[in-house]
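The values are calculated or read from the model by the stated rules, or taken from the named source; none is laboratory data. Computed from a prediction, not measured in an experiment: that's the story for all the values here. For neighbour counting, all protein chains shown are included, and Cβ atoms are generated from backbone atoms with ideal geometry for every residue, glycine included. Calculation scope for accessible area: heavy atoms of the full protein, side chains included, ligands and nucleic acids excluded. Shrake-Rupley method; radii C 1.70, N 1.55, O 1.52, S 1.80 Å.
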Amino acid sequence: MREIAVVFDPERKFFLYFGVVFLAVGVGPFGTYDAMDFWQRTVFWSLDILGGLLIIVPVVHVVYHSRILRRIPPLPRFVLGVAFGAIPAAAFITVLYGSVGTDLEISTPYPLLFVQVTVFSTILLLTEYVLWPAVFGGSRSRARAASADDGAGMGPSLGVHVSADLSPPPDTPDGPVAEKAAPVPHRVRLIERLPAELRGAEILSISMQDHYAEVSTTAGKTMLLMRLSDAIDLLDGMPGAQIHRSHWAARGAVVAIEKAGRRHEVVLGDGRRLPIGATHLAVARQVFPVDG
């Protein structure tokens, strides 16, 4: 199975998690409709669902992005993270029963409750990390890009990047000397695709993980559903080079080019190493001003 985009998206979490809470309050599953009034159900299911996910989600992020567990395939690694998080979450729910609504007591044994929490959380989080971006993520990103291009007077995006000449006109002998225009910040469209917390960081590298491009920045990593060629196009000429069919590196992030056996690698400032494809070695030596 391809990589799962386990990223932090506040908008996605807000609508999905609260939607499940509202559904549970209205339906009142597991006997809560008869045992509790409306406000008791509201308190109970808000604490049950939001509290349980508050425990599980951080554990999933740690386990899924763990370097120690990277050899485990994506889906089993993801479920393992959910299962680890379900251990304290099921204990939390056990304590919650009886605390809200005196007429409700939990009769489910803890092992069975643990399995139920694991299954429910796996379905919910797969919906968040796989189904939601597949349905909403791509179209929303394309809409933002098209709106930005239209606002700049460039028309709808047709996959061709057009750069406008924003330099001031030359001075003419018959007219006053034109004021020098303020430098225009270089626009990197890929940064606009990153989560809000990463947009102020510098992009270090892009690596393909199946159908996802893993963008590494000075503030963390995120996964974007796109091809490497598309991600590089959205860099809008940012200094760097494609060093492998699956990797791109920023010029300022590379500190060395080293030989490892029969192949070469770039060494990044954060300690990571990325392979250099044989057909990309000459370009890498030209782009990255390092010894090696």
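Checked against (1) open to solvent by 30 Å² or more (accessible area, probe 1.4 Å); (2) in a strand (DSSP E or B), ARG285 passes all but a single condition, namely (2).
Test GLU197 against the stated conditions and say whether it is modelled with pLDDT under 90 and surrounded by fewer than 20 Cβ atoms within 10 Å (Cβ to Cβ). Show your work before the answer.
Values: modelled with pLDDT under 90: yes; surrounded by fewer than 20 Cβ atoms within 10 Å (Cβ to Cβ): yes.
Answer is yes for this residue.
For the stretch 200-217, the tally of residues that are open to solvent by 30 Å² or more (accessible area, probe 1.4 Å) and free of Cβ contacts under 8 Å to residues at least 40 places away in the same chain stands at 2. State whether the residues of the stretch 109-124 include one that is aliphatic (A, V, I, L, M), in contact with a Leu (Cβ under 9 Å, 6 or more places away or on another chain) and at pLDDT 85 or above. Yes, that holds for at least one residue.
Contact map, the stretch 61-82: first residue modelled with pLDDT of 90 or more and open to solvent by 20 Å² or more (accessible area, probe 1.4 Å), second residue of a type in the set (S, T, N, Q) and part of a helix (DSSP H, G or I), Cβ cut-off under 8 Å, separation 6 or more or different chains; pairs are VAL79/THR118; VAL79/THR122. Among the residues in the stretch 25-38, are any of a type in the set (Ser, Thr, Tyr), in contact (Cβ under 8 Å) with a residue 24 or more places away in the chain and over 30 Å from LEU194 (Cα atoms)? Among the residues of the stretch 25-38, at least one is of a type in the set (Ser, Thr, Tyr), in contact (Cβ under 8 Å) with a residue 24 or more places away in the chain and over 30 Å from LEU194 (Cα atoms), which makes the answer yes.
Return the residues of the stretch 233-245 that are over 24 Å from GLU258 (Cα atoms) and open to solvent by 30 Å² or more (accessible area, probe 1.4 Å); say none if nothing qualifies.
First pass over the stretch 233-245, keeping only residues over 24 Å from GLU258 (Cα atoms): 233-237.
ASP233, GLY237, listed by residue number.
Return the residues of the stretch 20-53 that are open to solvent by 20 Å² or more (accessible area, probe 1.4 Å), part of a helix (DSSP H, G or I) and of a type in the set (Phe, Trp, Tyr); say none if nothing qualifies. Matches in the stretch 20-53: PHE22, TYR33, PHE38, TRP39.
Looking only at the stretch 233-267, how many residues end up being touching a helix residue (DSSP H, G or I) at 6+ places or on another chain (Cβ under 9 Å), among the hydrophobic types (A, V, I, L, M, F, W, C) and not in a strand (DSSP E or B)?
First, the residues of the stretch 233-267 that are touching a helix residue (DSSP H, G or I) at 6+ places or on another chain (Cβ under 9 Å): 233-236, 238-249, 251, 254, 257, 263-264, 266.
With among the hydrophobic types (A, V, I, L, M, F, W, C) added as a condition, the list becomes 234-235, 238, 241, 243, 248-249, 254, 257, 266.
Keeping just the survivors that are not in a strand (DSSP E or B) gives 234-235, 238.
Here the count works out to 3.
Which one of these does LYS13 not meet: (1) of a type in the set (Lys, Arg); (2) closer than 15 Å to SER121 by Cβ; (3) more than 24 Å from the chain's Cα centre (by Cα)? The failed condition is (3).
Among the residues of the stretch 156-166, is there at least one that is outside any loop (DSSP other than H, G, I, E, B), open to solvent by 90 Å² or more (accessible area, probe 1.4 Å) and either within 23 Å of VAL62 (Cβ to Cβ) or at pLDDT below 50 (or both)? No - not one qualifying residue is present in the stretch 156-166.
Open to solvent by less than 50 Å² (accessible area, probe 1.4 Å), within 26 Å of LEU194 (Cα to Cα), touching a helix residue (DSSP H, G or I) at 6+ places or on another chain (Cβ under 9 Å) and of a type in the set (A, V, I, L, M, F, W, C): does that describe ILE56? It is true that ILE56 is open to solvent by less than 50 Å² (accessible area, probe 1.4 Å), within 26 Å of LEU194 (Cα to Cα), touching a helix residue (DSSP H, G or I) at 6+ places or on another chain (Cβ under 9 Å) and of a type in the set (A, V, I, L, M, F, W, C).
If you take the residues of the stretch 218-232 that are among the hydrophobic types (A, V, I, L, M, F, W, C) and assigned to a loop (DSSP other than H, G, I, E, B), which of them is least open to solvent (accessible area, probe 1.4 Å)? So that I can check it myself, show each step before the final result.
Taking the stretch 218-232 and keeping what is among the hydrophobic types (A, V, I, L, M, F, W, C), we get 219, 223-226, 228, 231-232.
Within this subset, residues satisfying the condition of being assigned to a loop (DSSP other than H, G, I, E, B) are 219, 226.
Details: ALA219: 64, MET226: 27 Å².
It comes out as MET226.
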